[in-house]
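What follows draws every value from the coordinates through simple rules; no lab data is involved. Computed from a predicted model, the values in this text were never measured in an experiment. Cβ sites come from the backbone with ideal geometry, for glycine too, and all protein chains shown count toward neighbours.
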Amino acid sequence: NAGVTQTPKFQVLKTGQSMTLQCAQDMNHEYMSWYRQDPGMGLRLIHYSVGAGITDQGEVPNGYNVSRSTTEDFPLRLLSAAPSQTSVYFCASSYSDTPEFGEQYFGPGTRLTVT
Amino acid sequence: AQSVTQLGSHVSVSEGALVLLRCNYSSSVPPYLFWYVQYPNQGLQLLLKYTTGATLVKGINGFEAEFKKSETSFHLTKPSAHMSDAAEYFCAVSRSGGYNKLIFGAGTRLAVHP
């Protein structure tokens, strides 16, 4: 199993450009999340999905869109990048939302710089 | 609302010394608590978690944490630090309404010196 994969590893955008951060998992996990990591702030939840076709907003959703058409993929879209979106983005997945089977597996991250 | 405070953004210990990383939480519901470790240029890895039951939780790599409800704390310890423990450590609490919707602390970077 590859686990949780993210592409690209690094990206530089200009203000106003759009892009999609890809996330895929091969563990048949229903639950997937996107977090951003900023220095001194830990990780903050952007968007969340409990299964194909179902998404929900997290703590910092503004400026980001998501959709979940398959169990495996959960892309994060930046429609008009801003310097405030410079961050490291992590995708995570878990089998369920329970203590027994809810352990989250994190991808290696995408480092995004917006100039 | 839930929140997590990690005391000390940087901690430095000598190899073989006790590691103590502090975490205090605020939660309006019984909390689920976690410690994650992040090695350089990698994603997060679960060290240990507290859900219910025994308040002393053992995790991987010799780490353990104790849930103290009266002190709203979940400090992480390891009796003897190893050079390979150098990493950033994050304490997290589950949001109400979602076991794996996590609220993270700001993180503590652990340095281990020979």
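Computed from backbone phi, the HN-Hα couplings of the range B:8-23 come to x, 7, 9, 10, 10, 9, 8, 4, x, 7, 5, 9, 9, 10, 9, 9 Hz, rounded to whole numbers (Karplus: 6.51 cos²θ - 1.76 cosθ + 1.60, θ = phi - 60°; Gly and Pro given as x).
Taking amide H atoms as placed 1.01 Å from N in the peptide plane, the amide H of B:Arg109 lies under 5 Å from those of B:His10, B:Val11, B:Tyr89, each 5 or more residues away in sequence or on another chain. Close amide-amide hydrogen proximity is noted between A:Gly58 and A:His47, A:Tyr48, each under 5 Å apart and 5 or more residues distant or on a separate chain (H modeled in the peptide plane; Pro and chain starts excluded). Between the range A:36-115 and the range B:47-89, what's the alpha-carbon centroid distance in Å? Cα centroid of the range A:36-115 versus Cα centroid of the range B:47-89: 26 Å apart. Does chain B classify as rounded, prolate or oblate by the C-alpha gyration tensor (a ≥ b ≥ c root eigenvalues; a/c under 1.5 gives rounded; else a/b over b/c gives prolate, otherwise oblate)? The shape class here is prolate. Working from Cα pairs under 8 Å separated by at least six residues, relative contact order for the range B:1-81 is 33 percent.
The ranking of A:Cys23, B:Cys91 from fewest to most other beta carbons within 10 Å of each one's beta carbon is A:Cys23, B:Cys91. Neighbouring Cβ atoms from other chains, within 10 Å of the Cβ of residues in B:31-43, number 3 on average.
Extension gain, A:Asp73 to A:Thr115, is 12.3 nm, computed as 0.36 nm per intervening residue step minus the present C-alpha separation.
Averaged over the residues of A:33-40, the number of partner chain Cβ atoms lying within 10 Å of the residue Cβ comes to 3. A Cα-only calculation for the protein assembly as shown places Rg and Dmax at 17.5, 51 Å.
Each Lys and Arg adds +1 at its Cβ and each Asp and Glu adds -1 at its Cβ; summed about the Cα centre, chain A shows a dipole of about 640 debye.
Under a GNM of chain B (C-alpha, springs under 10 Å), which listed residue has the highest mean-square fluctuation: B:Ala86, B:Ala65, B:Ala17? Highest fluctuation of the listed residues: B:Ala17. Taking a straight Cα-Cα cut-off under 20 Å and skipping sequence neighbours fewer than 8 places away in the same chain, the aspartates and glutamates within cross-link reach of B:Lys49 are A:Asp97, A:Glu100, A:Glu103, B:Glu64, B:Glu66, B:Glu71, B:Asp85, B:Glu88. The value given for the range A:35-115 is a Kirkwood hydrodynamic radius of 13.5 Å, derived from the mean inverse Cα-Cα separation. Taking the number of Cβ atoms within 10 Å of each Cβ as an exposure proxy, the fewest-first ranking of A:Thr7, A:Thr115 is A:Thr115, A:Thr7. With K and R counted +1 and D and E -1, the other residues having a Cβ less than 13 Å from that of B:His10 yield a net charge of +1. Between A:Leu13 and A:Thr113, A:Val114, A:Thr115, the built amide H atoms are under 5 Å apart, and every one of these is 5 or more places off in sequence or on another chain.
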